[in-house]
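The values are calculated or read from the model by the stated rules, or taken from the named source; none is laboratory data. All values reported here derive from a predicted model rather than from experimental measurement. Neighbour counts are summed over all protein chains in view; Cβ atoms, including those assigned to glycine, are modelled from backbone coordinates with ideal geometry. Keep in mind that these areas ignore ligands, DNA and RNA; they rest on the heavy atoms of the full protein, side chains included. Shrake-Rupley method; radii C 1.70, N 1.55, O 1.52, S 1.80 Å.
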Amino acid sequence: MKATVKANTNIALIKYWGKRDEKLFLPMNSSLSITLDKFYTTTTVEFDEYFESDIFLLNNRVAGTKESSKVFNFLDKIRELAGTKMRARVRALNNVPTAAGLASSASGFAALAAAGAKALNLKLDERELSILARQGSGSACRSIYGGFVEWQKGVETDGSDSYATQLLPEQRWNISILSVLVASKEKKVSSREGMKNTVETSPFYSGWLNTVEDDLKNAKEAIRARDFQRLGNVVEANALKMHATMLGAKPPILYWQGGTVEVIHHIQYMRTCGFSAYFTIDAGPNVKVLCPPEEERRMYEELLKLPAVEEILVCHPGSGIQYI
Ligand code: 2P0
């Protein structure tokens, strides 16, 4: 009773920021992402009635208590669906550089959900897998699919209508995504804590909720029309607005470093020189730059010249989960 799944991580263009239900990972707002081609987790799950306890190996080592307990709690959800008490051995190999500010929890829980369900012979469709993955980490529900993906927040209290769907397969629109690393320090506030604190204390959070659906609609229309500039403008504004909600939290949360601001200004400057590059920033200091593939090489070279930039990882839209 064993299965292996590879899942890519994703980057949000319209951000998920805030939960309406922490246990079920139900979001306050819908979000939109691109699944990436180069950063992934490959996970093998094996259930056996002779195993006495669960074990979680992360990158060939027994994982720490915090990570392990998240995985074991998630295994409980899969066991409940399958009506079994069998313990499992989970081996995850992460090919997501932790410093890159890309969430390995998205690829990790998408791979775990699909491998766990397959190992127990649960016949879940993509929607059901998305709902399951969501309960490990919100953004994981989007990594089930490739390309451009929307996570509909849903309204039901049981989370049955809160899942992701694919808007556009990865082959249908190639864009370049440059993950610009400006600092290698681990972030101090996790996304989970950061969003909780923002929802509970920021006076700007209502402004976020009042406008995010419009941003989403705008982004979807831009994707449908393959209008890169329109998409870039809304993506950038949405990321800045998310960070603005955090600045209003008590205590305030500022993920940016000096290098973050330096890259932002440089992108804006490059636009005055005729480039079509736009940025987005997640719960960390690094900047992700979106540009048309024909501008990728020049953007890479220009950004690498900035003193604060340590490294740049380039990727493109990638596929959904793959059974191996
Ligand atoms: C996103 N982020 O949409 C947003 C934007 C970070 C900033 O999803 O608590 O690891 O596990 O549901 O999914 C990162 O948060 O949080 C995230 P949990 P998750 O990509």
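Nearest 10 degrees, 0 to 90: what angle lies between the long axis of helix 205-224 and the longest principal axis of the chain (Cα atoms)? Helix 205-224 and the main axis of the chain meet at about 90 degrees. In percent, rounded to a whole number, the relative contact order of region 116-244 is 13, using alpha-carbon pairs under 8 Å and six or more apart. For the chain, the share of accessible area belonging to carbon and sulfur comes to 50 percent (1.4 Å probe, ligands and nucleic acids excluded).
The alpha carbon centroids of region 202-266 and region 90-156 are separated by 24 Å. With axes computed from alpha carbons, what is the tilt in degrees of helix 191-201 against the longest principal axis of the chain, rounded to the nearest 10 within 0 to 90? Once rounded, the angle reads 70 degrees. What net charge do the residues around MET299 carry, taking every other residue with its C-beta under 14 Å from that of MET299, with Lys and Arg at +1 and Asp and Glu at -1? Counting the neighbours of MET299, the net charge comes to 0. Of all DSSP beta bridges located in the chain, what percent are antiparallel, nearest 5? Percent antiparallel among DSSP bridges in the chain is about 90. Sequence-distant contacts, meaning Cα pairs under 8 Å at least 6 residues apart, place the relative contact order of the chain at 24 percent. Out of all DSSP beta bridges with both ends in region 2-172, state the antiparallel percent to the nearest 5. Around 90 percent of the beta bridges assigned by DSSP in region 2-172 are antiparallel ones.
Using a probe of 1.4 angstrom and keeping all protein chains present, the accessible surface of region 85-142 works out to 37 square angstrom per residue.
For region 1-71, the per residue solvent-accessible surface stands at 45 Å², with DNA, RNA and ligands left out and a 1.4 Å probe. Dipole magnitude for the chain: computed about the Cα centre from +1 point charges on Lys and Arg Cβ and -1 point charges on Asp and Glu Cβ, it is near 300 debye. The loop-placed trypsin sites (Lys or Arg not before Pro) in region 279-324, going by DSSP, that have at most 11 neighbouring Cβ atoms within 10 Å of their Cβ come out as LYS305. Sequence neighbours fewer than 8 away in the same chain don't count; with that in mind, list the lysines whose C-alpha is under 25 Å from LYS19. Candidates past the 8-residue exclusion: LYS66, LYS70, LYS77, LYS153, LYS187, LYS188, LYS196, LYS217, LYS220, LYS241, LYS250, LYS288.
Shown in residue order for region 138-145 are the 3J(HN,Hα) couplings computed by the Karplus curve 6.51 cos²θ - 1.76 cosθ + 1.60 at θ = phi - 60°: x, 5, 5, 5, 7, 6, 5, 9 Hz (x for Gly and Pro). Heavy atoms of the protein chains alone define the surface here; on that basis region 176-315 has 47 Å² accessible area per residue at 1.4 Å probe size.
Taking the C-alpha atoms only, the angle from helix 258-272 to the longest principal axis of the chain is near 60 degrees.
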